[in-house]
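Written out below as structure tokens is the structure these notes cover.
Values in this text are rule-based calculations from the coordinates and carry no lab data. All values derive from a computational prediction rather than experimental measurement. All Cβ positions, even for glycine, are placed from backbone atoms using ideal geometry, and neighbour counts span all protein chains on display.
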Amino acid sequence: MVQRNSVLITVLLAAIVILVALMVWIASSPDNAQPLVNGSEAIISGTLTSRDMGPGITYILAVHPAGYQKLRELETEVELYASQHVAAYTTLAAAGPYRIQVPAPGEYVLYAWRDEDGDGGINHEDYLEPTGWYHTDDYLKPTKVHAALGRETVGIDITLISPTPYPREEMSVSRGSGGGTLKNVKGYPVLHLWGSDEERGYAQGYLVGPQIRDWTEYVLLEFYAESPSLYETVLLPFIRSNFGANDRYVPVADAMLLGMRDSGAEMRIDALNRNITRDDILAINSLYTLVLLRDAVYEIESGSDGMLCSNAVVWGNLTRNPEISGGLIHGKNMDGENDLRKVTVNTLLIVATEPEEGSGNMRVVGIDWPGFYGTYNGMNEGGLIMVTHSSDSTTDFSATDMLEYSSLYMESLQCCRTIPETQAYWESRNMTRTGGWNTAISVPYRADPNRIPSVTFESDSYGMAVRKPGDIPPTGIPAILTTNDFHVYTGADPEAIAATDGSWAPVSPTCHRYIAMNETLNRLISSGRSIGTAEMIEVLQSAANGTTEYSYIGYPDTMSFAVAREDLENRILDAPYANFTTFSFEEVFQ
């Protein structure tokens with residue numbers, strides 16, 4: 001993505017170029033290499049530390065750089081240290097110094113974990129087995145280390161880290177007329193919040209404060225921003241100066257921080273050498289805009305992090321079966337938010353939001369993460385469903401009245417019952433949307449079979465269009481699919497839309513997940529199968545590409561939903577291949 005005539009991005013780009021050059025120089029500097037007596041060896045050494053050195057053996061791996069690019073897949077192997085992507089490894093029984101002799105000179109990534117259950121693989125469930133890797137102070141993802149013949153590359157230090165899982169016991173807190181409860185329902189953490197925006201924010205901070213801190217450091221900063229200096233000098237100033245529509249949420253962020261402090265949660269973010277602040281909470285709730293800004297200054301193609309969600313909605317004569325009874329079924333894969341520590345999987349949170357009495361707002365159930373006062377995938381008590389997909393389009397980075405889609409979704413779900421009401425709210429909301437976005441929207445079907453029950457809002461900072469069933473394949477059937485490309489929105493701003501791949505109708509051959517879902521749906525229909533949960537799961541599986549951290553299926557006619565997440569214990573990467581758990585809308589408010 002390339003910036004549109006903006007002095008801001010020009011300045012930011014220059015700053016980033018300097019930062020990148022510095023990081024590369026630090027990572028490749030030969031000053032940490034010492035000569036060896038045996039000139040035919042290449043050694044990498046350092047010190048391993050751990051905050052909590054429990055039982056088990058620690059494996060330290062020297063991974064080929066190509067293997068690091070497939071680290072998610074590599075971690076599914078039964079004996080990780082025996083992988084073809086691992087050049088050499090060593091083990092430690094306790095924290096301390098380590099040395100690895102690699103088989104050939106070249107670049108390696110140093111990755112470690114403590115094998116507490118002794119099976120030779122990694123168990124990420126509830127962070128059971130802490131992980132770590134070598135990185136520099138200003139580039140937090142795994143950093144390549146150069147090994148040379150006859151030299152020992154020293155100072156390659158690694159710290160094992162285990163974030164904080166949700167507590168097992170139920171917790172509650174009251175604040176004014178509001179409050180919250182954190183409990184486990186059918187194996188999933190459920191956060192029930194009620195009261196005013198600030199009261200709900202306080203309760204969230206109090207109940208999931210450690211997880212908010214971890215999400216800030218290990219997802220927002222480590223995984224997305226990657227660099228503390230980039231985060232502090234570029235991304236946070238942008239939040240402060242350009243998100244004018246966030247003003248109403250500043251008190252919510254402050255209340256969340258107060259709740260964290262009152263609960264005694266750890267506030268310090270080690271990589272930033274400071275405590276978590278209001279800006280960090282606002283940044284969590286502006287997540288994808290920060291990613292788009294980072295990509296803009298790097299001139300990286302949008303979606304480079306694999307934020308490639310997929311969506312399918314079916315109703316009417318295709319769902320006439322005992323389970324759906326001709327109603328609507330809405331399936332969604334959430335792809336790409338796959339941090340190396342599995343924080344986005346372990347902190348997946350069902351949030352049941354109950355508004356302040358007398359506000360006139362509706363209750364909302366969102367499938368979210370800690371620290372979010374908005375939602376990216378939610379359903380309200382009227383059965384309106386909204387789910388998210390990024391899309392290519394240049395963001396108006398010069399705007400100063402931005403609002404992230406997660407906040408816009410929550411506002412819409414609290415006050416809208418129909419698709420036309422939602423469209424009218426979007427068009428009346430005085431703010432600038434952040435970047436290209438496809439929003440799949442559905443409502444119950446059986447109550448009003450004459451209305452269109454599902455559409456896709458294709459939008460960016462400058463305008464939007466509503467894509468209806470049949471505008472592109474599938475045609476002639478009651479179904480609509482959504483991935484990450486615009487198909488009917490041709491852009492209100494020519495420069496912005498020029499950043500897209502122009503994949504309007506008919507569907508471009510590059511839309512692989514869209515085509516896969518369409519082909520799977522057609523195959524199921526051709527074989528005479530009615531679409532229920534099992535069939536929707538097949539559709540979602542066809543679009544999964546190794547990065548689906550969770551999947552969601554909504555049933556608005558029966559006011560229920562199902563969730564599946566990446567199976568960390570059995571090392572199943574794609575959520576639609578794991579087990580789905582079904583909830584009624586009401587039970588998460590009990």
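Quick notes
- Selection from 223, 174, 201 lying farthest towards where the dipole of the stretch 173-266 points positive, charges on Cβ: 174
- Percent antiparallel among DSSP beta bridges (both partners in the chain, rounded to 5): 90 percent
- Among the GluC sites (Glu not before Pro) in the stretch 142-205, those placed in a DSSP loop whose Cβ has at most 16 other Cβ atoms within 10 Å are 169, 170.
- Residues 270, 279, ranked from the fewest to the most other C-beta atoms within 10 Å, line up as 270, 279.
- Partners for residue 144 among lysines (Cα-Cα distance below 24 Å; same-chain residues under 8 apart left out): 70, 342
- Distance from the stretch 442-517 to the stretch 529-590 (C-alpha centre basis), Å: 22 Å
- Check: the chain dipole with +1 on Lys, Arg Cβ and -1 on Asp, Glu Cβ, in debye: 600 debye
- Aspartates and glutamates whose Cα lies under 14 Å from that of residue 468, excluding same-chain neighbours fewer than 8 positions away: 458
- Helices that extend 30 Å or more along their long axis by alpha-carbon positions and average at least -1.0 on the Kyte-Doolittle scale are, among the DSSP H runs of the chain, 7-28.
- Surface/4 of the Cα convex hull for the stretch 313-470, nm²: 11.3 nm²
- The peptide list 140-149, 337-346, put in order of mean Cβ contacts within 10 Å with the highest first, becomes 337-346, 140-149.
- Reciprocal mean inverse distance between Cα atoms of the stretch 182-266 - Kirkwood radius, Å: 14.3 Å
- Equivalent ellipsoid semi-axes - Cα gyration tensor, the stretch 31-160, angstrom: 24, 16, 14
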